[in-house]
1. What's the total number of residues in the stretch 21-42 that are away from the ligand (no atom under 16 Å from the Cβ), surrounded by 24 or more Cβ atoms within 10 Å (Cβ to Cβ) and within 14 Å of Gly230 (Cβ to Cβ)?
2. So, Asn4, is that one away from the ligand (no atom under 15 Å from the Cβ) and touching a residue at least 12 places away in the same chain (Cβ under 8 Å) or not?
3. Ala347 - would you say it is part of a helix (DSSP H, G or I), within 16 Å of the ligand (Cβ to nearest atom) and closer than 21 Å to Val147 by Cβ?
4. Just a yes or no: is a residue in the stretch 205-227 surrounded by 23 or more Cβ atoms within 10 Å (Cβ to Cβ), within 16 Å of the ligand (Cβ to nearest atom) and either at pLDDT below 90 or within 25 Å of Gly24 (Cα to Cα) (or both)?
5. What number of residues in the stretch 217-242 are of a type outside the set (Phe, Trp, Tyr) and assigned to a helix (DSSP H, G or I)?
6. Can you tell me which residue within the stretch 317-344, out of those that are open to solvent by 20 Å² or more (accessible area, probe 1.4 Å) and away from the ligand (no atom under 16 Å from the Cβ), is farthest from Ala91 (Cα to Cα)?
7. Ile45: open to solvent by 10 Å² or more (accessible area, probe 1.4 Å), more than 22 Å from Phe463 (Cα to Cα) and of a type in the set (A, V, I, L, M), yes or no?
8. Looking only at the stretch 378-390, count every residue that is surrounded by fewer than 20 Cβ atoms within 10 Å (Cβ to Cβ) and either in contact (Cβ under 8 Å) with a residue 12 or more places away in the chain or out of contact with any helix residue (DSSP H, G or I) (no Cβ under 8 Å at 6 or more places or on another chain) (or both) and tell me the total.
Amino acid sequence: MDNNRSSWGSNLGFLLAAIGSAVGLGNIWGFPYKMGKSGGFTFLIVYLLLAIFVGMIIMVSELAVGRKTKLSPIDAYQKVSKKFAWIGWLATIAPFLIMSFYTVLGGYCLQYIALNMTKLSFGNDSVAMGGGDVFGAMLTTPIGCVVFTTLFIIICMVIVQGGVSGGIEKFNKVGMPALFVMLLIIIVRSLTLPNAAEGLKFMFVPGYAVKAGFIEKAPDLITVLGTAGGQMFFSLSLAMGAILTYGSYLSKEENLVKNSVIIVAADTLIALMAGIAVIPAAVSYGLNQGMAPGEITLRGPGLLFITLQDVFSNMGKLGPLFGVIFYVLVLIAAISSAISLMETIAAHWIDKDLEKGETDTRQRNVLIVSLLILLEAVVVAADGLGSNFSPASLLGIKTVPTFLDCFLDFMDCWSEGIAMPLGAMIMALMIGWENTPDLVLDEVAHGDPSQGFKAFYRLCVKFIVPIVMAFVLAGQMIDFFGGNQIIWYVVAFALLVIFWIVAAVGKKPEQA
Ligand code: PHE
(Lines give C-alpha, C1' and ligand atoms only; values in the text may rest on other atoms or scores of the structure.)
Protein backbone atom coordinates (compact mmCIF):
# COMPACT_ATOMS: atom_id res chain seq x y z
CA MET A 1 0.00 0.00 0.00
CA ASP A 2 2.94 2.32 0.62
CA ASN A 3 3.46 2.79 -3.05
CA ASN A 4 0.28 4.72 -3.53
CA ARG A 5 0.56 6.78 -0.37
CA SER A 6 1.37 10.46 -0.76
CA SER A 7 4.78 11.90 0.02
CA TRP A 8 6.57 15.23 0.04
CA GLY A 9 8.43 16.39 -3.04
CA SER A 10 11.47 17.43 -1.02
CA ASN A 11 12.68 17.95 2.54
CA LEU A 12 12.49 21.70 2.03
CA GLY A 13 8.88 21.32 0.96
CA PHE A 14 8.17 19.32 4.10
CA LEU A 15 9.90 21.92 6.28
CA LEU A 16 7.93 24.81 4.80
CA ALA A 17 4.67 22.87 5.21
CA ALA A 18 5.46 22.00 8.84
CA ILE A 19 6.50 25.59 9.57
CA GLY A 20 3.28 26.65 7.84
CA SER A 21 1.30 24.41 10.14
CA ALA A 22 3.09 25.81 13.17
CA VAL A 23 2.94 29.47 12.19
CA GLY A 24 -0.67 30.49 12.61
CA LEU A 25 -3.09 32.60 14.57
CA GLY A 26 -1.44 31.30 17.74
CA ASN A 27 1.79 33.11 16.89
CA ILE A 28 0.16 36.35 15.93
CA TRP A 29 -2.26 37.00 18.74
CA GLY A 30 -1.44 34.45 21.42
CA PHE A 31 2.29 34.77 21.80
CA PRO A 32 2.82 38.56 22.05
CA TYR A 33 0.10 39.13 24.59
CA LYS A 34 0.99 36.18 26.77
CA MET A 35 4.59 37.23 26.67
CA GLY A 36 3.82 40.77 27.83
CA LYS A 37 1.35 39.68 30.45
CA SER A 38 3.66 37.06 31.87
CA GLY A 39 6.61 39.34 32.48
CA GLY A 40 8.22 39.57 29.05
CA PHE A 41 11.61 38.02 29.36
CA THR A 42 10.62 35.56 32.08
CA PHE A 43 7.99 34.18 29.74
CA LEU A 44 10.42 34.04 26.84
CA ILE A 45 12.98 32.07 28.85
CA VAL A 46 10.35 29.65 30.20
CA TYR A 47 8.95 29.31 26.67
CA LEU A 48 12.36 28.55 25.18
CA LEU A 49 13.23 26.00 27.88
CA LEU A 50 9.88 24.30 27.35
CA ALA A 51 10.35 24.36 23.58
CA ILE A 52 13.69 22.58 23.96
CA PHE A 53 12.85 20.08 26.70
CA VAL A 54 9.24 19.36 25.81
CA GLY A 55 8.27 20.74 22.38
CA MET A 56 11.31 19.37 20.57
CA ILE A 57 10.86 15.98 22.21
CA ILE A 58 7.21 15.66 21.21
CA MET A 59 8.01 17.01 17.74
CA VAL A 60 10.70 14.34 17.17
CA SER A 61 8.39 11.68 18.64
CA GLU A 62 5.43 12.58 16.45
CA LEU A 63 7.56 12.72 13.32
CA ALA A 64 9.11 9.35 14.21
CA VAL A 65 5.80 7.59 14.94
CA GLY A 66 4.34 9.02 11.73
CA ARG A 67 7.27 8.05 9.55
CA LYS A 68 7.72 4.63 11.12
CA THR A 69 4.09 3.59 10.68
CA LYS A 70 3.39 5.60 7.53
CA LEU A 71 -0.13 6.02 8.83
CA SER A 72 -2.42 8.77 10.08
CA PRO A 73 -2.91 9.15 13.87
CA ILE A 74 -5.71 6.67 14.58
CA ASP A 75 -3.99 3.75 12.86
CA ALA A 76 -0.50 4.85 13.84
CA TYR A 77 -1.26 4.76 17.56
CA GLN A 78 -3.03 1.44 17.13
CA LYS A 79 0.20 0.06 15.79
CA VAL A 80 2.52 1.31 18.51
CA SER A 81 0.38 1.05 21.64
CA LYS A 82 -1.95 -1.52 23.14
CA LYS A 83 -3.05 0.50 26.14
CA PHE A 84 -3.28 3.96 24.65
CA ALA A 85 -4.35 3.36 21.06
CA TRP A 86 -7.31 5.67 21.75
CA ILE A 87 -5.12 8.79 21.84
CA GLY A 88 -5.12 8.51 18.05
CA TRP A 89 -8.79 9.46 18.24
CA LEU A 90 -7.94 12.43 20.46
CA ALA A 91 -5.44 13.51 17.80
CA THR A 92 -8.12 13.37 15.12
CA ILE A 93 -11.12 14.79 16.98
CA ALA A 94 -9.11 17.70 18.42
CA PRO A 95 -8.13 19.04 14.97
CA PHE A 96 -11.76 18.69 13.93
CA LEU A 97 -12.91 20.81 16.87
CA ILE A 98 -10.16 23.38 16.26
CA MET A 99 -11.32 23.73 12.67
CA SER A 100 -14.76 24.82 13.93
CA PHE A 101 -13.32 28.18 14.98
CA TYR A 102 -10.09 28.43 13.03
CA THR A 103 -12.13 28.63 9.85
CA VAL A 104 -14.37 31.34 11.32
CA LEU A 105 -11.32 33.42 12.21
CA GLY A 106 -10.03 32.83 8.69
CA GLY A 107 -13.37 34.14 7.46
CA TYR A 108 -12.92 37.31 9.56
CA CYS A 109 -9.55 37.86 7.86
CA LEU A 110 -11.22 37.61 4.46
CA GLN A 111 -13.79 40.20 5.51
CA TYR A 112 -11.10 42.58 6.75
CA ILE A 113 -9.12 42.22 3.54
CA ALA A 114 -12.25 43.07 1.57
CA LEU A 115 -12.97 46.01 3.85
CA ASN A 116 -9.50 47.52 3.58
CA MET A 117 -9.51 47.01 -0.16
CA THR A 118 -12.80 48.88 -0.46
CA LYS A 119 -11.34 51.67 1.59
CA LEU A 120 -8.26 51.65 -0.61
CA SER A 121 -10.28 52.03 -3.76
CA PHE A 122 -12.95 54.47 -2.57
CA GLY A 123 -10.77 56.79 -0.50
CA ASN A 124 -11.10 58.15 2.95
CA ASP A 125 -14.60 59.08 3.92
CA SER A 126 -16.80 56.67 2.04
CA VAL A 127 -16.46 53.80 4.52
CA ALA A 128 -16.67 54.07 8.31
CA MET A 129 -13.64 52.27 9.64
CA GLY A 130 -13.52 52.40 13.45
CA GLY A 131 -12.25 48.98 14.54
CA GLY A 132 -14.84 48.52 17.27
CA ASP A 133 -17.76 49.44 15.03
CA VAL A 134 -16.55 47.31 12.16
CA PHE A 135 -16.01 44.31 14.42
CA GLY A 136 -19.34 44.72 16.19
CA ALA A 137 -21.20 45.04 12.90
CA MET A 138 -19.47 41.98 11.53
CA LEU A 139 -20.22 39.80 14.55
CA THR A 140 -23.88 40.72 14.58
CA THR A 141 -24.26 39.85 10.90
CA PRO A 142 -24.17 36.05 11.12
CA ILE A 143 -24.95 35.51 7.47
CA GLY A 144 -21.82 37.40 6.39
CA CYS A 145 -19.68 35.42 8.82
CA VAL A 146 -21.13 32.14 7.57
CA VAL A 147 -20.51 33.09 3.94
CA PHE A 148 -16.86 34.05 4.54
CA THR A 149 -16.25 31.01 6.73
CA THR A 150 -17.55 28.88 3.89
CA LEU A 151 -15.24 30.66 1.49
CA PHE A 152 -12.28 30.01 3.76
CA ILE A 153 -13.19 26.32 4.02
CA ILE A 154 -13.44 26.10 0.23
CA ILE A 155 -9.96 27.61 -0.18
CA CYS A 156 -8.51 25.06 2.24
CA MET A 157 -10.45 22.24 0.61
CA VAL A 158 -9.13 23.02 -2.84
CA ILE A 159 -5.53 23.10 -1.57
CA VAL A 160 -5.83 19.82 0.34
CA GLN A 161 -7.59 18.16 -2.58
CA GLY A 162 -4.53 19.12 -4.61
CA GLY A 163 -2.60 16.55 -2.62
CA VAL A 164 0.35 16.51 -0.22
CA SER A 165 3.01 17.69 -2.61
CA GLY A 166 0.70 19.06 -5.35
CA GLY A 167 -1.43 21.17 -2.98
CA ILE A 168 -0.11 21.60 0.55
CA GLU A 169 3.57 21.74 -0.30
CA LYS A 170 3.00 24.05 -3.24
CA PHE A 171 0.93 26.49 -1.23
CA ASN A 172 3.52 26.71 1.53
CA LYS A 173 6.43 27.11 -0.85
CA VAL A 174 4.92 30.37 -2.05
CA GLY A 175 2.97 31.31 1.09
CA MET A 176 5.73 31.07 3.68
CA PRO A 177 8.29 33.31 1.96
CA ALA A 178 5.49 35.78 1.14
CA LEU A 179 4.38 35.81 4.77
CA PHE A 180 7.92 36.50 5.89
CA VAL A 181 8.32 39.49 3.58
CA MET A 182 4.95 40.95 4.57
CA LEU A 183 5.84 40.55 8.21
CA LEU A 184 9.04 42.53 7.66
CA ILE A 185 7.07 45.33 6.00
CA ILE A 186 4.63 45.54 8.90
CA ILE A 187 7.50 45.46 11.43
CA VAL A 188 9.21 48.45 9.79
CA ARG A 189 5.92 50.38 9.72
CA SER A 190 5.08 49.47 13.30
CA LEU A 191 8.45 50.39 14.77
CA THR A 192 8.45 53.80 13.12
CA LEU A 193 5.18 54.85 14.78
CA PRO A 194 5.41 57.30 17.70
CA ASN A 195 5.65 55.63 21.12
CA ALA A 196 6.40 52.26 19.54
CA ALA A 197 9.19 51.77 22.07
CA GLU A 198 6.57 51.44 24.83
CA GLY A 199 5.25 48.35 23.06
CA LEU A 200 8.70 46.84 22.84
CA LYS A 201 9.20 47.49 26.54
CA PHE A 202 5.86 45.79 27.27
CA MET A 203 7.15 42.69 25.53
CA PHE A 204 10.78 42.61 26.52
CA VAL A 205 11.43 44.47 29.77
CA PRO A 206 10.79 42.30 32.83
CA GLY A 207 8.08 43.76 35.03
CA TYR A 208 7.34 46.66 32.67
CA ALA A 209 3.79 45.54 31.85
CA VAL A 210 2.83 45.96 35.51
CA LYS A 211 4.93 49.06 36.17
CA ALA A 212 3.48 50.95 33.22
CA GLY A 213 -0.07 49.83 34.04
CA PHE A 214 -0.76 47.51 31.07
CA ILE A 215 -1.79 44.76 33.46
CA GLU A 216 -2.57 44.81 37.15
CA LYS A 217 -0.54 41.98 38.49
CA ALA A 218 2.14 39.63 37.16
CA PRO A 219 1.25 35.93 37.29
CA ASP A 220 3.30 33.57 39.46
CA LEU A 221 5.86 31.20 37.97
CA ILE A 222 3.61 28.13 38.01
CA THR A 223 0.95 30.03 36.09
CA VAL A 224 3.59 31.21 33.62
CA LEU A 225 4.66 27.58 33.17
CA GLY A 226 1.09 26.56 32.33
CA THR A 227 0.50 29.52 30.01
CA ALA A 228 3.83 29.17 28.19
CA GLY A 229 3.39 25.40 27.89
CA GLY A 230 -0.12 25.67 26.45
CA GLN A 231 0.96 28.40 24.06
CA MET A 232 4.04 26.46 22.96
CA PHE A 233 2.04 23.32 22.19
CA PHE A 234 -0.64 25.08 20.23
CA SER A 235 1.88 27.18 18.38
CA LEU A 236 4.01 24.19 17.39
CA SER A 237 0.90 22.23 16.28
CA LEU A 238 1.81 19.46 18.72
CA ALA A 239 -0.38 16.65 20.06
CA MET A 240 -3.02 17.35 17.42
CA GLY A 241 -1.97 14.71 14.95
CA ALA A 242 -0.82 17.30 12.41
CA ILE A 243 2.92 16.85 12.82
CA LEU A 244 2.51 13.07 13.00
CA THR A 245 0.56 13.09 9.76
CA TYR A 246 3.07 15.36 8.02
CA GLY A 247 5.85 13.07 9.31
CA SER A 248 4.13 10.05 7.78
CA TYR A 249 4.77 11.50 4.31
CA LEU A 250 8.47 12.06 4.98
CA SER A 251 11.23 10.03 3.37
CA LYS A 252 13.39 7.70 5.47
CA GLU A 253 16.54 9.58 4.53
CA GLU A 254 15.67 12.79 6.32
CA ASN A 255 17.08 13.68 9.71
CA LEU A 256 14.21 14.08 12.18
CA VAL A 257 16.19 15.82 14.90
CA LYS A 258 17.58 18.46 12.60
CA ASN A 259 14.16 19.02 11.03
CA SER A 260 12.57 19.43 14.46
CA VAL A 261 15.16 22.01 15.51
CA ILE A 262 14.48 24.01 12.36
CA ILE A 263 10.69 23.93 12.80
CA VAL A 264 10.84 24.94 16.47
CA ALA A 265 13.36 27.72 15.78
CA ALA A 266 11.38 29.10 12.82
CA ASP A 267 8.09 29.06 14.70
CA THR A 268 9.59 30.87 17.68
CA LEU A 269 11.28 33.43 15.45
CA ILE A 270 8.02 34.19 13.65
CA ALA A 271 6.16 34.46 16.95
CA LEU A 272 8.67 37.04 18.17
CA MET A 273 8.54 38.90 14.87
CA ALA A 274 4.74 38.89 14.95
CA GLY A 275 4.91 40.36 18.44
CA ILE A 276 7.22 43.11 17.26
CA ALA A 277 4.88 43.81 14.35
CA VAL A 278 1.67 43.89 16.33
CA ILE A 279 2.23 45.08 19.90
CA PRO A 280 4.18 48.32 19.29
CA ALA A 281 1.58 49.38 16.69
CA ALA A 282 -1.31 48.67 19.07
CA VAL A 283 0.39 50.39 22.01
CA SER A 284 1.41 53.38 19.93
CA TYR A 285 -2.12 53.91 18.67
CA GLY A 286 -3.64 53.56 22.15
CA LEU A 287 -1.24 55.98 23.82
CA ASN A 288 -1.59 58.53 21.05
CA GLN A 289 -5.36 58.40 21.50
CA GLY A 290 -4.82 59.24 25.14
CA MET A 291 -5.85 55.82 26.43
CA ALA A 292 -4.38 54.55 29.68
CA PRO A 293 -2.13 51.52 29.03
CA GLY A 294 -4.63 49.25 30.80
CA GLU A 295 -7.38 50.27 28.35
CA ILE A 296 -5.56 49.13 25.21
CA THR A 297 -6.82 45.78 23.94
CA LEU A 298 -3.74 43.62 23.48
CA ARG A 299 -5.27 40.18 23.55
CA GLY A 300 -7.61 37.87 21.74
CA PRO A 301 -9.73 38.69 18.70
CA GLY A 302 -9.98 42.31 19.88
CA LEU A 303 -6.27 42.85 19.25
CA LEU A 304 -6.37 41.76 15.61
CA PHE A 305 -9.78 42.96 14.63
CA ILE A 306 -10.35 46.10 16.72
CA THR A 307 -7.06 47.58 17.86
CA LEU A 308 -5.12 46.90 14.67
CA GLN A 309 -7.95 48.00 12.41
CA ASP A 310 -7.94 51.26 14.35
CA VAL A 311 -4.21 51.51 13.77
CA PHE A 312 -4.64 51.14 10.00
CA SER A 313 -7.64 53.46 9.87
CA ASN A 314 -5.63 56.18 11.56
CA MET A 315 -2.53 55.83 9.48
CA GLY A 316 -3.61 58.20 6.72
CA LYS A 317 -3.69 57.43 3.03
CA LEU A 318 -1.48 54.37 3.12
CA GLY A 319 -3.31 52.87 6.11
CA PRO A 320 -5.66 50.62 4.13
CA LEU A 321 -2.72 49.35 2.09
CA PHE A 322 -0.94 48.25 5.26
CA GLY A 323 -4.28 46.86 6.39
CA VAL A 324 -4.53 44.71 3.29
CA ILE A 325 -0.93 43.51 3.64
CA PHE A 326 -1.45 42.69 7.30
CA TYR A 327 -4.71 40.77 6.94
CA VAL A 328 -3.40 38.87 3.92
CA LEU A 329 -0.42 37.88 6.04
CA VAL A 330 -2.72 36.64 8.81
CA LEU A 331 -4.85 34.87 6.20
CA ILE A 332 -1.84 32.98 4.82
CA ALA A 333 -0.84 31.97 8.35
CA ALA A 334 -4.38 30.76 9.01
CA ILE A 335 -4.65 28.81 5.75
CA SER A 336 -1.29 27.09 6.16
CA SER A 337 -2.34 25.88 9.62
CA ALA A 338 -5.90 24.98 8.68
CA ILE A 339 -4.80 22.80 5.77
CA SER A 340 -2.62 20.76 8.13
CA LEU A 341 -5.62 20.19 10.38
CA MET A 342 -7.83 19.26 7.44
CA GLU A 343 -5.21 16.88 6.08
CA THR A 344 -4.88 15.19 9.48
CA ILE A 345 -8.59 14.42 9.60
CA ALA A 346 -8.95 13.38 5.96
CA ALA A 347 -5.78 11.23 5.99
CA HIS A 348 -7.49 8.62 8.15
CA TRP A 349 -10.14 7.89 5.54
CA ILE A 350 -7.75 8.18 2.64
CA ASP A 351 -5.53 5.57 4.33
CA LYS A 352 -8.51 3.32 5.01
CA ASP A 353 -9.50 3.38 1.35
CA LEU A 354 -5.93 2.68 0.36
CA GLU A 355 -5.95 -0.36 2.60
CA LYS A 356 -8.99 -1.61 0.69
CA GLY A 357 -7.09 -1.09 -2.52
CA GLU A 358 -9.00 2.05 -3.51
CA THR A 359 -6.65 4.73 -4.73
CA ASP A 360 -7.52 8.31 -5.65
CA THR A 361 -10.19 8.85 -3.01
CA ARG A 362 -8.60 12.07 -1.73
CA GLN A 363 -11.05 14.38 -3.56
CA ARG A 364 -14.10 12.66 -2.15
CA ASN A 365 -12.77 12.29 1.39
CA VAL A 366 -11.60 15.88 1.63
CA LEU A 367 -14.98 17.06 0.38
CA ILE A 368 -16.82 15.08 3.06
CA VAL A 369 -14.48 16.31 5.80
CA SER A 370 -14.96 19.89 4.57
CA LEU A 371 -18.73 19.55 4.73
CA LEU A 372 -18.55 18.20 8.27
CA ILE A 373 -16.29 21.08 9.27
CA LEU A 374 -18.74 23.52 7.70
CA LEU A 375 -21.58 22.10 9.82
CA GLU A 376 -19.84 22.81 13.11
CA ALA A 377 -18.26 26.07 11.92
CA VAL A 378 -21.67 27.51 11.07
CA VAL A 379 -22.55 27.48 14.78
CA VAL A 380 -19.32 29.27 15.74
CA ALA A 381 -19.73 31.77 12.90
CA ALA A 382 -23.33 32.50 13.81
CA ASP A 383 -22.86 33.08 17.54
CA GLY A 384 -20.55 36.04 16.81
CA LEU A 385 -18.21 35.33 19.72
CA GLY A 386 -21.24 35.28 21.98
CA SER A 387 -22.81 38.52 20.67
CA ASN A 388 -25.81 36.70 19.23
CA PHE A 389 -26.08 33.63 21.45
CA SER A 390 -23.71 31.45 23.44
CA PRO A 391 -23.61 28.05 25.14
CA ALA A 392 -24.29 29.87 28.41
CA SER A 393 -27.28 31.80 27.08
CA LEU A 394 -28.72 28.63 25.53
CA LEU A 395 -28.36 26.85 28.85
CA GLY A 396 -29.64 29.86 30.79
CA ILE A 397 -26.53 30.12 32.95
CA LYS A 398 -25.80 33.44 34.67
CA THR A 399 -22.25 33.29 36.09
CA VAL A 400 -20.39 32.13 33.07
CA PRO A 401 -17.15 30.13 33.18
CA THR A 402 -14.88 30.90 30.21
CA PHE A 403 -15.63 27.70 28.36
CA LEU A 404 -19.31 28.58 28.00
CA ASP A 405 -19.03 32.24 27.05
CA CYS A 406 -19.04 31.55 23.32
CA PHE A 407 -18.86 28.55 21.01
CA LEU A 408 -15.27 29.39 20.06
CA ASP A 409 -14.18 29.01 23.69
CA PHE A 410 -16.32 25.92 24.08
CA MET A 411 -14.63 24.14 21.17
CA ASP A 412 -11.22 25.46 22.19
CA CYS A 413 -11.68 24.10 25.70
CA TRP A 414 -12.04 20.47 24.61
CA SER A 415 -9.36 20.61 21.94
CA GLU A 416 -6.58 22.94 23.04
CA GLY A 417 -7.58 22.84 26.71
CA ILE A 418 -7.96 19.13 27.34
CA ALA A 419 -7.19 16.85 24.37
CA MET A 420 -3.86 18.52 23.63
CA PRO A 421 -2.15 18.38 27.06
CA LEU A 422 -3.68 15.00 27.85
CA GLY A 423 -2.64 13.58 24.49
CA ALA A 424 0.93 14.83 24.87
CA MET A 425 1.19 13.53 28.42
CA ILE A 426 -0.04 10.09 27.45
CA MET A 427 2.08 9.97 24.33
CA ALA A 428 5.22 10.57 26.39
CA LEU A 429 4.19 7.93 28.95
CA MET A 430 3.41 5.49 26.16
CA ILE A 431 6.81 5.96 24.55
CA GLY A 432 8.78 6.19 27.78
CA TRP A 433 7.11 3.47 29.86
CA GLU A 434 4.67 1.26 27.96
CA ASN A 435 6.98 0.99 25.00
CA THR A 436 10.60 2.07 25.13
CA PRO A 437 12.22 5.28 23.91
CA ASP A 438 13.90 3.10 21.27
CA LEU A 439 10.57 3.13 19.45
CA VAL A 440 11.46 6.68 18.48
CA LEU A 441 15.26 6.56 18.67
CA ASP A 442 15.52 3.69 16.18
CA GLU A 443 13.47 5.66 13.71
CA VAL A 444 15.50 8.81 14.29
CA ALA A 445 18.58 6.66 13.70
CA HIS A 446 18.10 7.04 9.98
CA GLY A 447 19.85 10.29 10.67
CA ASP A 448 21.79 8.56 13.48
CA PRO A 449 21.43 10.66 16.64
CA SER A 450 24.42 11.08 18.94
CA GLN A 451 24.69 9.29 22.30
CA GLY A 452 24.17 12.66 23.93
CA PHE A 453 20.83 13.15 22.16
CA LYS A 454 19.70 9.64 23.08
CA ALA A 455 20.34 10.23 26.78
CA PHE A 456 18.65 13.63 26.58
CA TYR A 457 15.64 12.16 24.79
CA ARG A 458 15.22 9.35 27.33
CA LEU A 459 15.35 11.73 30.27
CA CYS A 460 12.85 14.13 28.74
CA VAL A 461 10.33 11.64 27.41
CA LYS A 462 10.26 9.55 30.57
CA PHE A 463 10.14 12.30 33.18
CA ILE A 464 10.20 15.92 32.11
CA VAL A 465 7.48 15.89 29.44
CA PRO A 466 4.81 14.03 31.45
CA ILE A 467 5.32 16.22 34.52
CA VAL A 468 5.30 19.49 32.57
CA MET A 469 2.15 18.34 30.77
CA ALA A 470 0.38 17.90 34.09
CA PHE A 471 1.13 21.57 34.86
CA VAL A 472 -0.10 22.61 31.42
CA LEU A 473 -3.29 20.56 31.81
CA ALA A 474 -3.97 22.13 35.22
CA GLY A 475 -3.28 25.61 33.79
CA GLN A 476 -5.73 25.06 30.95
CA MET A 477 -8.47 23.76 33.23
CA ILE A 478 -8.04 26.76 35.53
CA ASP A 479 -8.35 29.09 32.55
CA PHE A 480 -11.41 27.42 31.10
CA PHE A 481 -13.33 26.26 34.17
CA GLY A 482 -12.18 28.68 36.88
CA GLY A 483 -12.87 27.78 40.52
CA ASN A 484 -10.33 26.55 43.00
CA GLN A 485 -6.87 26.22 41.45
CA ILE A 486 -5.70 23.56 43.87
CA ILE A 487 -8.48 21.23 42.76
CA TRP A 488 -7.32 21.39 39.14
CA TYR A 489 -3.72 20.66 40.12
CA VAL A 490 -4.93 17.65 42.10
CA VAL A 491 -7.00 16.45 39.13
CA ALA A 492 -4.13 16.89 36.66
CA PHE A 493 -1.56 15.15 38.84
CA ALA A 494 -3.98 12.35 39.73
CA LEU A 495 -4.43 11.72 35.99
CA LEU A 496 -0.65 11.77 35.58
CA VAL A 497 -0.15 9.16 38.30
CA ILE A 498 -2.93 6.91 36.99
CA PHE A 499 -1.68 6.94 33.40
CA TRP A 500 1.91 6.54 34.55
CA ILE A 501 0.99 3.38 36.46
CA VAL A 502 -1.08 2.04 33.56
CA ALA A 503 1.85 2.63 31.20
CA ALA A 504 4.55 1.13 33.38
CA VAL A 505 2.79 -1.96 34.74
CA GLY A 506 2.36 -5.15 32.74
CA LYS A 507 3.61 -6.45 29.44
CA LYS A 508 5.43 -4.37 26.88
CA PRO A 509 3.84 -4.46 23.42
CA GLU A 510 5.62 -6.00 20.46
CA GLN A 511 7.59 -3.39 18.60
CA ALA A 512 5.71 -2.24 15.53
N1 PHE B 1 -0.01 26.07 15.23
C2 PHE B 1 -1.18 26.74 14.78
C3 PHE B 1 -1.15 28.17 15.30
O4 PHE B 1 -0.22 28.62 15.90
C5 PHE B 1 -2.44 26.05 15.20
C6 PHE B 1 -2.44 24.58 15.01
C7 PHE B 1 -2.58 23.76 16.10
C8 PHE B 1 -2.30 24.01 13.75
C9 PHE B 1 -2.55 22.38 15.97
C10 PHE B 1 -2.26 22.64 13.60
C11 PHE B 1 -2.39 21.83 14.70
O12 PHE B 1 -2.08 28.89 15.13
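The values are calculated or read from the model by the stated rules, or taken from the named source; none is laboratory data. The shown structure was predicted, so the numbers you read here are calculated from the model rather than taken from an experiment. Please note: Cβ atoms are built from the backbone with ideal geometry, for glycine as well, and neighbour counts cover all protein chains shown. We work out accessible area using only protein heavy atoms, side chains counted, and drop any ligands, DNA or RNA first. Shrake-Rupley method; radii C 1.70, N 1.55, O 1.52, S 1.80 Å.
1. 1
2. Yes.
3. Against the criterion (part of a helix (DSSP H, G or I), within 16 Å of the ligand (Cβ to nearest atom) and closer than 21 Å to Val147 by Cβ), Ala347 does not qualify.
4. Yes - at least one qualifying residue is present in the stretch 205-227.
5. So the answer is 14.
6. Among residues in the stretch 317-344 that are open to solvent by 20 Å² or more (accessible area, probe 1.4 Å) and away from the ligand (no atom under 16 Å from the Cβ), the one farthest from Ala91 (Cα to Cα) is Lys317.
7. Spelling it out, it is not the case that Ile45 is open to solvent by 10 Å² or more (accessible area, probe 1.4 Å), more than 22 Å from Phe463 (Cα to Cα) and of a type in the set (A, V, I, L, M).
8. Residues meeting the conditions: 6.
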